[in-house]
Amino acid sequence: MTDSEFHQVADLFMAKVEQAIDDQQLDIDIDRTGNVLQLEFADGGQLVLNKQEPLHELWLASKLGASHYQYQADNNDWFDSRNQTSLQPVLVEMVNRLSGETLVL
């Protein structure tokens with residue numbers, strides 16, 4: 001995967017998360033600056049999703065834990081580099097637990 005391809009698929013995923021939160025009118029503050037998507041919740045908790053270009057990974061972190069995800073084009077999805085768990089359900093579960101709301105991606 002080239003750097004350009006990495007940024008394209010990573011940006012699409014980040015935009016999907018942003019759009020879902022906006023469309024569902026969830027009480028979550030969104031801040032996207034450069035390679036970082038930061039979500040802030042009513043209690044002050046945060047979730048951070050950031051692009052790591054040199055490794056072609058997305059890193060997800062919150063007080064609930066942290067993981068690194070690599071894109072698998074065959075599956076059109078991001079998977080944890082340690083246990084092959086898909087990013088989308090992990091991110092949804094974290095958002096739901098941290099916000100007390102239900103995010104659907």
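Of everything listed in (1) touching a residue at least 12 places away in the same chain (Cβ under 8 Å); (2) surrounded by 14 or more Cβ atoms within 10 Å (Cβ to Cβ); (3) not in a helix (DSSP H, G or I), the single unmet condition for A42 is (2). F6 satisfies every condition listed in (1) touching a helix residue (DSSP H, G or I) at 6+ places or on another chain (Cβ under 8 Å); (2) within 18 Å of L98 (Cα to Cα); (3) part of a helix (DSSP H, G or I) except (2). Please determine, by comparing only the residues of the range 86-105 that are out of contact with any helix residue (DSSP H, G or I) (no Cβ under 7 Å at 6 or more places or on another chain) and assigned to a loop (DSSP other than H, G, I, E, B), which one is surrounded by the fewest Cβ atoms within 10 Å (Cβ to Cβ). Across the range 86-105, the extreme among qualifying residues is G100. Residue count for the range 29-39 satisfying the condition of being surrounded by fewer than 16 Cβ atoms within 10 Å (Cβ to Cβ) and either closer than 15 Å to R97 by Cα or not acidic (D, E) (or both): 6. One residue is enough: does the range 12-28 have a residue meeting the conditions in a strand (DSSP E or B), farther than 23 Å from D80 by Cβ and either under 15 Å from the mean Cα position of the chain (by Cα) or not basic (K, R) (or both)? Within the range 12-28, not a single residue is in a strand (DSSP E or B), farther than 23 Å from D80 by Cβ and either under 15 Å from the mean Cα position of the chain (by Cα) or not basic (K, R) (or both). Just so you know, in the range 45-85 the residues that are of a type in the set (S, T, Y) and loosely packed, with under 15 Cβ neighbours inside 10 Å include one that is modelled with the highest pLDDT, and it is T85. Cβ-Cβ distances below 8 Å connect the following pairs, each with a first residue in the range 71-84 that is farther than 18 Å from L49 by Cα and part of a loop (DSSP other than H, G, I, E, B), a second residue that is at pLDDT below 95 and of a type outside the set (D, E, K, R), and a separation of six or more residues or different chains: A73/M1. Look at (1) in contact with a Lys or Arg (Cβ under 9 Å, 6 or more places away or on another chain); (2) closer than 15 Å to P89 by Cα and you find that A66 fails only one, number (1). Would you point out which residue out of G34, G45 is small (G, A, S) and on the phi > 0 side of the Ramachandran plot? Result of the check over G34, G45: G34.
The values are calculated or read from the model by the stated rules, or taken from the named source; none is laboratory data. All values reported here derive from a predicted model rather than from experimental measurement. Heads up, the Cβs are rebuilt from the backbone with ideal geometry, glycines too, and the neighbour counts pull from every protein chain shown.
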